[in-house]
Structures are given as structure tokens and as C-alpha cells.
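Undergrad: The structure that follows is given in the form of C-alpha cells.
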Amino acid sequence: METIKRTKIRELLKAAPGVDVLAKGWVRTKRGNKNVAFIALNDGSTINNIQIVVDKTQIEESVLAKIGTGACIGVTGALVESVGSGQAVEIQAKGIEIFGECDPMRYPLQKKDTSFEYLRTVAHMRVRTNTFGAVLRIRNQMAYAIHEYFHNKGFVYLNTPIITASDCEGAGQMFQVTTMDLKNIPLNKKGEVDFSRDFFGRQTSLTVSGQLEGELGATALGEIYTFGPTFRAENSNTPRHLAEFWMIEPEMAFYDIQDNMDLAEDFIKHLVRYALNNCMEDIKFLNDRYDDTLIERLQSVIGTEFVRLPYTEGIRILEEAIANGKQFEYPVSWGVDLQSEHERYLVETHFKKPVILTDYPMEIKAFYMKQNEDGKTVRAMDVLFPKIGEIIGGSEREASLEKLEKRIDELGMSRKNLEWYIDTRRYGSCPHSGFGLGFERLLLFVTGMANIRDVIPFPRTPKNAEY
Ligand code: 4AD
Ligand code: MG
């Protein structure tokens with residue numbers, strides 16, 4: 001037989017019958033009878049399998065016997081119209097090559113346990129399941145859509161450092177980076193750790209945000225965005241937190257808080273629309289299997305105007321709800337940081353659509369946010385989504401050198417470490433704004449998955465860093 005080039009299953013399923021083809025992939029199932037076997041083959045290019053029909057007079061029984069769920073094979077044969085329902089075409093096998101057998105007794109992916117909890121324990125293999133294939137293809141499409149969106153708007157993609165000496169969010173949730181011998185840490189005369197003898201000559205950590213460096217970019221290039229890994233050592237085992245997650249942080253010169261909100265709303269709607277237009281097969285699979293309101297939820301977000309509400313108003317609504325008998329686990333009063341139960345009440349119960357909450361108390365927000373005239377609140381904006389809570393956090397930035405320095409001092413932060421950042425306000429300071437979208441929070445929304453560990457290939461959470 002002449003050699004045929006492999007075609008991906010995604011293409012084969014759309015191809016016209018009547019040609020010989022070569023498909024390669026992993027066996028999902030094999031069934032059949034005395035005369036004929038049916039193999040469902042998947043190569044990751046689509047959620048759909050191609051059906052291989054094996055006439056047992058054509059393929060040796062000994063070859064067929066080695067093919068079970070999980071095995072990797074190549075099949076040459078004729079692409080023909082399918083007689084069965086469910087698919088347009090199938091392959092009538094003429095030859096099968098086995099690349100890798102798979103012992104069905106030891107294969108980690110067994111029909112009997114497909115719970116997400118179990119699959120997390122075999123995360124090196126779970127990518128081969130329909131669900132994770134769908135999630136990871138959607139993740140890929142979303143990453144592309146993000147770059148495309150900003151590229152088309154003339155934003156510059158800026159790579160900010162992963163190793164840093166500053167704590168952008170000021171929450172002290174940083175993973176330290178050191179090459180010091182932990183059994184023999186150098187101390188200075190005061191008995192403190194002598195970081196001057198560490199690799200960088202100072203204390204360093206993994207970044208919690210690329211924003212501060214992003215601001216340097218925006219105040220030179222105009223509009224930038226970052227898209228990179230972000231690390232937070234917060235010990236929270238929730239379905240919405242990862243210790244390593246990806247964040248998209250646009251930062252724009254000459255944007256005020258209104259422009260910032262407009263961009264955030266347009267951006268996120270664009271991404272959801274992109275998913276509906278480009279990932280429908282995978283979304284439909286997730287919708288039909290796990291959550292049949294997913295598609296509806298996605299469509300409703302792109303068709304609705306987000307509510308824009310000051311924090312103070314949000315607190316008033318929550319207090320009113322409590323007065324009317326609503327019970328929350330955490331207390332509500334002006335000044336508290338909202339918990340996800342509060343955010344979800346506003347979004348899911350009260351407004352029934354996404355809410356952008358603005359003008360938070362200064363005390364619960366980071367040092368860089370623009371201070372309002374009231375002296376109590378800052379020009380912050382959190383975008384709150386159904387089922388997720390906070391999906392975006394951002395603000396207009398404090399452009400006044402005097403106010404920024406005062407705030408840094410009040411918070412007991414080191415001005416010395418931030419001189420390079422403060423310089424943006426010394427030399428040609430400008431009004432500017434930005435925000436951060438948590439990539440996995442976006443994916444939670446778009447895929448309808450319930451746990452953030454299930455929308456990243458290899459999750460990092462407290463006590464969990466395998467693979
Ligand atoms: O609200 P955050 O902490 O804001 C910042 O880091 C700003 N520097 C962003 C900016 O203005 N450039 O984080 C932004 C977003 C959150 O809204 C959330 O979606 C996500 O990042 N996020 C997390 N996602 C997963 N796991 C975690 N532990 C997360 N922490 C924040
Ligand atoms: Mg936040």
C-alpha cells in the first residue's frame with residue numbers, strides 16, 4: 001500500500017468519503033461481535049471519536065486482541081459513509097499498527113471511577129478524558145482570543161518578571177525564591193537572615209501580579225497587557241483559589257475608571273462570545289453532561305449590560321437582605337471585605353446579572369489605587385460573576401506622587417524598594433488604569449466546571465505539587 005499521510009480526526013469527520021486515509025490516536029472503546037469490531041478512536045483534535053470498523057477476516061485476531069481502551073494505534077482504511085447513526089463517516093480498516101499497548105487492568109482511567117476528585121489524583125492521565133480534552137481545548141482557544149483581542153486594539157504584550165522583590169498586592173502571600181542552603185542560612189550581626197548573600201543579593205519571591213511593572217510599560221507604550229503565571233501562597237483550599245494561576249493584566253495610560261470598566265466589560269463579553277462561536281462542540285458536551293444551563297448562562301452574559309454599583313450601595317443591599325431574613329456566614333457592615341457568598345448574593349439573587357462593584361474602602365484595597373475625594377474610598381472596580389464571584393479586580397491608579405508616597409508610608413511599606421515604581425509619578429505622571437482577569441476564573445465560567453483545579457492541567461494547591 002502506498003504511504004498515506006496522517007489526517008487529524010477533526011478533519012476526517014468533515015471529509016468527503018471515498019478516499020483511503022490514515023488516522024492515529026488513542027482507543028476510547030472497543031466493542032463488537034464474532035465477525036466485526038468497532039473501535040472508537042480519539043486523537044485530541046476534537047471531542048468526537050472516529051469509528052473504526054474492523055472486519056475480522058481483514059485484520060488478524062492477534063492484533064485485535066492487543067487493542068483495548070487506552071492503547072495507541074494507527075489505522076489505514078477507506079473513509080466511508082457511516083451506516084450507523086451518530087456519525088457521518090467511519091473508517092473501514094485495512095491495516096492497523098499498534099504504537100503502544102495499554103493494560104486494561106492497570107490503566108488509571110477506569111469506567112468505574114471518573115469523579116473529578118479521583119481524576120485529580122491521576123492528573124497526568126486525566127487529560128485523556130473527554131471532559132479534560134474539552135476543557136483544555138477551550139483553554140487554548142481563550143488564550144488565543146485574549147492575545148487577538150489586545151493585538152487588534154494595538155496593546156503591546158509585555159512580559160513582566162516572575163521573580164520579583166516587591167509585593168504588589170501587599171498581602172504578604174509570596175513564595176520566597178532563594179538558593180541559600182536552608183540548613184545553613186547566613187545571618188547578619190543582628191541575627192537576621194542575610195539576604196545580601198542570597199542569589200540576587202536581596203530577598204526575592206515569585207510574583208503575585210505583573211501590575212507594577214505593567215504600569216512602567218503603560219506609562220511609556222500607552223497600552224499594554226501581560227499574560228503570565230502568578231503565584232499566591234494563601235492557604236485557602238477553596239474551589240476558586242490556586243497557588244499558581246494565570247492572570248491577564250491590561251494597563252492603560254489616559255484611562256479613567258469609567259474607561260477601565262468599559263474595557264473590562266467589552267473584553268469579557270468578547271471572550272464569552274468567542275467561546276460560543278469557536279468552541280461550541282466542547283461547550284455543548286460540557287453543557288449536556290454536567291450543567292444544562294451553561295450555554296444559557298454564557299448567552300445571557302453577552303446580551304446584558306453589567307450593573308455598576310458603588311460598594312457602599314452594595315453593603316446597603318446586603319444589610320437590607322439580612323434585615324429581611326437572609327443569613328450569611330460572614331457578617332456585613334461598611335468596611336468589611338466582601339466574601340464570595342455576598343458577591344454571589346448581589347449577582348445571582350439581587351441583580352441576576354454581572355455586577356461591577358466600585359469605590360471600595362481604602363483600608364481593604366492595595367496601596368496603588370486612586371483615592372477618592374471623600375478620603376475613605378478608592379477608585380477600585382471588581383467584576384463579580386454568577387457562580388464565580390470576583391472574576392476581575394482592578395482600579396484607576398493613584399497618579400499623585402504625594403498621595404502615593406503618603407499611602408505607602410501609612411501602610412508601613414518600604415519606599416526604598418519601590419523607588420523605581422514611584423518614579424512613574426515623578427517623571428511625567430499620567431492618569432492611568434488597569435485590571436487583572438484571573439484566567440482560570442474565566443475558564444470556570446466558560447466551561448461551567450465547579451472547581452478551579454479542573455480548568456488547569458496541573459493544579460498547584462496547598463500540599464499538592466505533583467507532576
Ligand atoms: O484582585 P487581584 O488580587 O488583583 C491584582 O492582582 C491586581 N494587581 C490586578 C490589576 O489591577 N492589574 O487579582 C486579580 C484577579 C482576581 O479577580 C481573580 O480573578 C484572580 O486574579 N485571582 C485568582 N485566581 C485564582 N487563584 C487565586 N488564588 C487568585 N487570586 C486572584
Ligand atoms: Mg481582588
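The values are calculated or read from the model by the stated rules, or taken from the named source; none is laboratory data. Owing to the predicted nature of the structure, the values given are computational and were not obtained by experimental measurement. With ideal geometry, Cβ positions are generated from the backbone for all residues, glycine too; neighbour counts draw on all protein chains shown. Remember, those area values only see protein heavy atoms, side chains included, never the ligands or the DNA or RNA. Shrake-Rupley method; radii C 1.70, N 1.55, O 1.52, S 1.80 Å.
Undergrad: Report the gain in length on full extension from GLN110 to MET125: 0.36 nm times residue separation, minus Cα-Cα distance, nm rounded to one decimal. It would help to have the intermediate numbers written out before the result.
TA: On the way: separation 15, 0.36 × 15 = 5.40 nm, distance 1.11 nm.
Answer, rounded to one decimal: 4.3 nm.
Undergrad: Taking 2.2 N^0.38 Å as the expected size of a compact globular protein, what ratio does the Cα radius of gyration of the range 49-195 give against it, to two decimals?
TA: Values: Rg = 26.4 Å, N = 147, 2.2 N^0.38 = 14.7 Å.
That ratio works out to 1.80.
Undergrad: What nm value, rounded to one decimal, do you get for the distance between ARG202 and LEU276 when each label is placed 7 Å out toward the C-beta?
TA: Placing both labels 7 Å beyond Cα along the Cβ direction yields 4.8 nm.
Undergrad: So for the pair ALA16, TYR144, with labels modelled 7 Å out along Cα→Cβ, what separation do we get in nm?
TA: 2.6
Undergrad: Determine the relative contact order of the chain: mean sequence separation of Cα pairs under 8 Å and six or more apart, normalised by residue count, in whole percent. Could you put the intermediate results ahead of the total?
TA: Working: 852 pairs, mean separation 60.7, N = 467.
Worked out over the chain, it gives 13 percent.
Undergrad: Can you check what the Kirkwood hydrodynamic radius comes to for the range 246-388, Cα pairs only, in Å to one decimal?
TA: Evaluated on the range 246-388, it is 16.8 Å.
Undergrad: If one takes the longest principal axis of the Cα atoms in the chain, at what angle in degrees, from 0 to 90 and to the nearest 10, does the Cα axis of helix 257-278 lie?
TA: Between the helix axis and the principal axis of the chain, the angle is about 0 degrees.
Undergrad: I would also like to ask the following. Can you give the direction-averaged projected area of the convex hull of the alpha-carbon atoms in the range 343-398, in nm²? Walk me through the intermediate numbers first.
TA: Details: hull surface 15.3 nm².
With the hull built on Cα positions only, its mean projection is 3.8 nm².
Undergrad: Hey, another quick one. Between ASP374 and LYS403, with labels modelled 7 Å along Cα→Cβ, what's the label distance in nm to one decimal, could you check?
TA: Those two pseudo-labels are separated by 1.4 nm.
Undergrad: Among THR230, LEU276, SER62, which residue has its Cα furthest toward the positive end of the charge dipole of the chain, with +1 on Lys/Arg Cβ and -1 on Asp/Glu Cβ?
TA: SER62
Undergrad: I want the local charge near GLY84. Using Cβ-Cβ distances under 14 Å, sum +1 for each Lys or Arg and -1 for each Asp or Glu among the other residues.
TA: Working: positive: ARG31; negative: GLU81, GLU90.
Cβ neighbours under 14 Å give a net charge of -1.
Undergrad: Something else: Just the number, please: percent antiparallel of the DSSP beta bridges in the chain, rounded to the nearest 5.
TA: Values: 69 of 79 bridges.
Antiparallel: roughly 85 percent of the beta bridges in the chain.
Undergrad: I need the peptides 321-331, 407-417, 437-447 ranked by packing, meaning the mean over residues of other C-beta atoms within 10 angstrom, with the highest value on top. Can you show the working numbers first?
TA: Values: 321-331: 10.5, 407-417: 12.6, 437-447: 23.9.
Sorting 321-331, 407-417, 437-447 by mean packing, highest first, produces 437-447, 407-417, 321-331.
Undergrad: Give the calculated FRET efficiency between ILE163 and GLU319 to the nearest 0.05, with a Förster radius of 51 Å applied to their Cβ-Cβ distance. Could you put the intermediate results ahead of the total?
TA: On the way: r = 44 Å, r/R0 = 0.86.
According to the calculation, E is roughly 0.70.
Undergrad: While we're here: In this model, which of LYS326/LYS352; LYS5/LYS56; LYS326/LYS387 are farther than 23 Å apart at the alpha-carbon?
TA: Working: LYS326/LYS352 17 Å; LYS5/LYS56 25 Å; LYS326/LYS387 18 Å.
The pairs that break the limit, which is 23 Å between Cα atoms, are LYS5/LYS56.
Undergrad: Mind checking which lysines have their C-alpha under 19 Å from LYS403, skipping anything on the same chain fewer than 8 residues away?
TA: Counting by Cα, and skipping residues close in sequence, LYS403 has these lysines nearby: LYS365, LYS370, LYS376, LYS416.
Undergrad: Taking the full set of protein chains and a 1.4 angstrom probe, give the accessible area of LEU221 in square angstrom, rounded to the nearest 10.
TA: Spelled out: LEU221, probe radius 1.4 Å, area about 100 Å².
Undergrad: Let me ask you something else. Report the net charge of residues surrounding GLU341, where surrounding means a beta-carbon distance below 14 angstrom and charges are Lys +1, Arg +1, Asp -1, Glu -1. Intermediate results must be reported in sequence, preceding the final value.
TA: On the way: positive: ARG240, LYS326, ARG344, LYS387; negative: GLU329, ASP337, GLU343, GLU348, GLU390.
Cβ neighbours under 14 Å give a net charge of -1.
Undergrad: If you don't mind, another one. Can you pull the percent of the chain's accessible area that's carbon plus sulfur, 1.4 Å probe, other chains left in place? Let's see the in-between values first.
TA: Working: 11370 of 22890 Å².
Ligands and nucleic acids excluded, carbon and sulfur give 50 percent.
Undergrad: Out of residues 5 or more away from GLU244 or on other chains, whose amide H comes under 5 Å of its own, with H placed 1.01 Å from N in the peptide plane?
TA: Sorted by chain and number, the residues that satisfy this are ARG232, ARG460.
Undergrad: Based on the alpha-carbon set only, what is the convex hull volume of the chain divided per residue, in Å³?
TA: Numbers: hull volume 94.7 nm³, N = 467.
Roughly 203 Å³ of hull volume per residue.
Undergrad: What is the angle, in °, between the Cα long axis of helix 211-221 and the longest principal axis of the Cα atoms in the chain? Nearest 10 is fine, range 0 to 90.
TA: 90
Undergrad: Also, I was wondering about something else. Starting from the Cα-Cα distance between GLU363 and TYR290, subtract it from 0.36 nm times their residue separation and give me the gain in nm to one decimal.
TA: Values: separation 73, 0.36 × 73 = 26.28 nm, distance 4.03 nm.
That pair, GLU363 and TYR290, stretches by 22.2 nm at full extension.
Undergrad: Working from Cα positions, state the angle (0 to 90°, nearest 10) between the long axis of helix 311-323 and the longest principal axis of the chain.
TA: 70
Undergrad: Return one whole number: the accessible area per residue of the range 31-119 in Å², for a 1.4 Å probe. Mind showing how you got there, number by number?
TA: Numbers: 4820 Å² over 89 residues.
Ligands and nucleic acids excluded, the figure is 54 Å² per residue.
Undergrad: Taking only DSSP H segments of four or more residues, each worth -39500 (n - 2.57), what value at 222 nm results for the chain once the sum is divided by all its residues, to the nearest 500 deg cm²/dmol? Intermediate values should be presented prior to the final figure.
TA: Values: 14 runs with 139 residues, N = 467.
Theoretical 222 nm ellipticity from helices: -8500 deg cm²/dmol.
Undergrad: Select from the range 1-90 those trypsin sites (Lys or Arg not before Pro) which occupy a DSSP coil region and have at most 10 other Cβ atoms within 10 Å, ordered by residue number. Provide the component values of the computation, followed by the final result.
TA: On the way: sites: LYS5, ARG6, LYS8, ARG10, LYS14, LYS24, ARG28, LYS30, ARG31, LYS34, LYS56, LYS66; in loops: LYS5, LYS8, LYS14, LYS34, LYS56, LYS66.
Taking the range 1-90 and a limit of 10 other Cβ atoms within 10 Å, the loop trypsin sites (Lys or Arg not before Pro) found are LYS5, LYS14, LYS34.
Undergrad: Round to the nearest 0.05 the FRET efficiency obtained for GLN176 and GLU410 when R0 = 30 Å and r is the Cβ-Cβ distance.
TA: Details: r = 26 Å, r/R0 = 0.86.
So the FRET efficiency works out to roughly 0.70.
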